[in-house]
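Novice: One structure, pasted below without further comment.
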Amino acid sequence: MTMNTENRTITIWVLLILLINGVAAFAYNIIIARDATNLWALLAAIYIYCLGLTQSGIVFSAIMRLSRSEMGSQFSRLGEMLTLSFMPASFILFLIIYFGGTEHLFYWARPQEAAHGEHVLHLSPWLGKGLFLWRTVILSALFYLVSFIYFRYSCIEERGSSNTKNSLNILAGFVMFLYVLANTNTAWDFGMMIIPHWESSIFPVYFLAGNILGGTAFLFLLGIYLTPRAHGDEWWDSGHLDSAGKLLMGLSLFWVYLFWSQHIVIWYGDIPNLTGPLFKQHQGSYAPAFIFMMLTIFAAPFLALTFRKVRLNLHSLSAAAFIICIGVWINRYLMVIPVFTDGKENVFATYTGVALLFSGFAAILLSFIALRNLFPGLNVTNDR
């Protein structure tokens, strides 16, 4: 057994332990908890976070293809595999939340409120458990199906076929369209529909911007880890690094613009049922987490990446991408958890909370390793 094989085996075992530990901790606490709402809320936050990190991979590939970017082509195959590998886990996670946590998370799904709650008496048919299940499953299935077809055509192109270019361009458009539909549905359900009478017309776009920012940063991290082993450090030339740094800067700036746009409109409108849930995310016990989120998603990486020396250093670029991933997680946490708790009880800073987050990362990486084993001859850092 070579050293690389030994390291690979150790990595897989560590990831398996992290995955099993998180699942076991969650299951145990669900069984013994009198009110498991906070646990289901934490699982929902991790679900939308992992979904954002992975589904954005193939969208990155599609955008880079249509824009004919030389820098992006290096990450295209990696992004495609990252998205498709998490497909089974995404359905499993959603079904667990649906069958176990729907009544905990969604006010419109609670029978007692359906009978007595004023805000449930005039619900749209959109807010039904059956439609919630089928619209999510169907939209996700369509997105992954088209993504898989795009991936297969991309593999055919890699083998030297010149007849797939037009088909791939069309498929890239469909991938992006279905990505927007599926993630808008996720934004509505897990961001807006968990709060009675709360709405924001810009929220789905803001949610998508966070997904693309976090997904791009995670894709760069994965690429930075894999490419030196495949091509050597010289594969990352100054042009690649500079472009990657500028892209993260631009996406970070776009996210904070949408964040501000949503907040200023709701603040100026001053409608209590709209301002209350939103401002709760950055007041009181949640204020430190909110400040840290703004530092990690925007302030620290954006300011650091304005310096060309920072962008051209592989380690500093990795640090910026890692910080952004942390910030996006806090954003998803603040999007869900304050709805169900006043912040006095720290839901995340517990053994179960940390174990569950690490199990999410383990699920992403184990899924990626499994798909890579199915296509052993495929170059995940292909430069098309």
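The values are calculated or read from the model by the stated rules, or taken from the named source; none is laboratory data. Worth saying up front: this structure is predicted, and the values here are computed from it rather than measured. As a convention, Cβ positions derive from the backbone with ideal geometry for all residues, glycine included, and neighbour counts pool all protein chains shown.
Novice: Does PHE60 satisfy the condition of being on the phi < 0 side of the Ramachandran plot and surrounded by fewer than 24 Cβ atoms within 10 Å (Cβ to Cβ)?
Specialist: Numbers: on the phi < 0 side of the Ramachandran plot: yes; surrounded by fewer than 24 Cβ atoms within 10 Å (Cβ to Cβ): no.
Taking the combined requirement at face value, the residue does not satisfy it.
Novice: Oh, and also: Just one of LEU226, LEU247 is part of a helix (DSSP H, G or I), of a type in the set (A, V, I, L, M, F, W, C) and modelled with pLDDT of 90 or more; which is it? Don't jump to the end; show me each part of the working.
Specialist: On the way: LEU226 fails: modelled with pLDDT of 90 or more.
It is LEU247.
Novice: Quick one: which of ALA321, ALA287, ALA299 is in contact with a helix residue (DSSP H, G or I) (Cβ under 7 Å, 6 or more places away or on another chain) and part of a helix (DSSP H, G or I)?
Specialist: On the way: ALA287 fails: in contact with a helix residue (DSSP H, G or I) (Cβ under 7 Å, 6 or more places away or on another chain); ALA299 fails: in contact with a helix residue (DSSP H, G or I) (Cβ under 7 Å, 6 or more places away or on another chain).
One residue alone meets the criteria, ALA321.
Novice: For PRO125, indicate whether it is surrounded by fewer than 16 Cβ atoms within 10 Å (Cβ to Cβ), closer than 26 Å to ILE271 by Cα, at pLDDT below 90 and not β-branched (Val, Ile, Thr).
Specialist: Yes.
Novice: Looking at SER154, is it small (Gly, Ala, Ser), modelled with pLDDT under 90 and part of a helix (DSSP H, G or I)?
Specialist: Yes: the conditions hold for SER154.
Novice: Among the residues of the range 74-95, are any small (Gly, Ala, Ser), over 19 Å from the mean Cα position of the chain (by Cα) and at pLDDT 85 or above? Walk me through it before giving the result.
Specialist: Step one: of the range 74-95, the residues small (Gly, Ala, Ser) are 76, 79, 85, 89-90.
If we keep only those that are over 19 Å from the mean Cα position of the chain (by Cα) as well, we get none.
No: the range 74-95 contains no residue that is small (Gly, Ala, Ser), over 19 Å from the mean Cα position of the chain (by Cα) and at pLDDT 85 or above.
Novice: Within the range 169-198, which residues are surrounded by 19 or more Cβ atoms within 10 Å (Cβ to Cβ), more than 26 Å from SER69 (Cα to Cα) and of a type in the set (Ser, Thr, Tyr)?
Specialist: Result: THR186, single match.
Novice: If you don't mind, another one. Looking at the range 157-173, which of its residues are in a helix (DSSP H, G or I) and among the hydroxyl-bearing types (Ser, Thr, Tyr)?
Specialist: Pass one, the range 157-173, residues in a helix (DSSP H, G or I): 157-158, 165-173.
Across the range 157-173, the qualifying residue is only SER167.
Novice: Looking at the range 182-203, I want the residues that are without any contact (Cβ under 8 Å) to a residue 24 or more places away in the chain and have a partner that is assigned to a helix (DSSP H, G or I) with Cβ atoms under 7 Å, at least 6 apart or on another chain. Which pairs are those?
Specialist: So the pair list comes out as ALA187/PHE203; ALA187/PRO204; ALA187/PHE207; TRP188/PRO204; MET192/PHE203.
Novice: While we're looking at this one, here's another question. Of the residues in the range 268-282, how many are touching a helix residue (DSSP H, G or I) at 6+ places or on another chain (Cβ under 8 Å) and loosely packed, with under 13 Cβ neighbours inside 10 Å?
Specialist: The total comes to 1.
Novice: May I ask you to list pairs of residues, at least six apart or on different chains, whose Cβ atoms are under 7 Å apart, with the first in the range 8-21 being farther than 16 Å from VAL354 by Cα and the second being in a helix (DSSP H, G or I)?
Specialist: So the pair list comes out as ILE12/ILE369.
Novice: Between GLU103, GLU113, which is modelled with pLDDT under 85 and part of a helix (DSSP H, G or I)?
Specialist: GLU113
Novice: Follow-up. Which of the residues belonging to the range 1-39 are surrounded by 15 or more Cβ atoms within 10 Å (Cβ to Cβ), of a type outside the set (A, V, I, L, M) and under 15 Å from TYR351 (Cα atoms)?
Specialist: Listed by number, the residues that qualify are ASN21, GLY22, PHE26, ASN29, ASN38.
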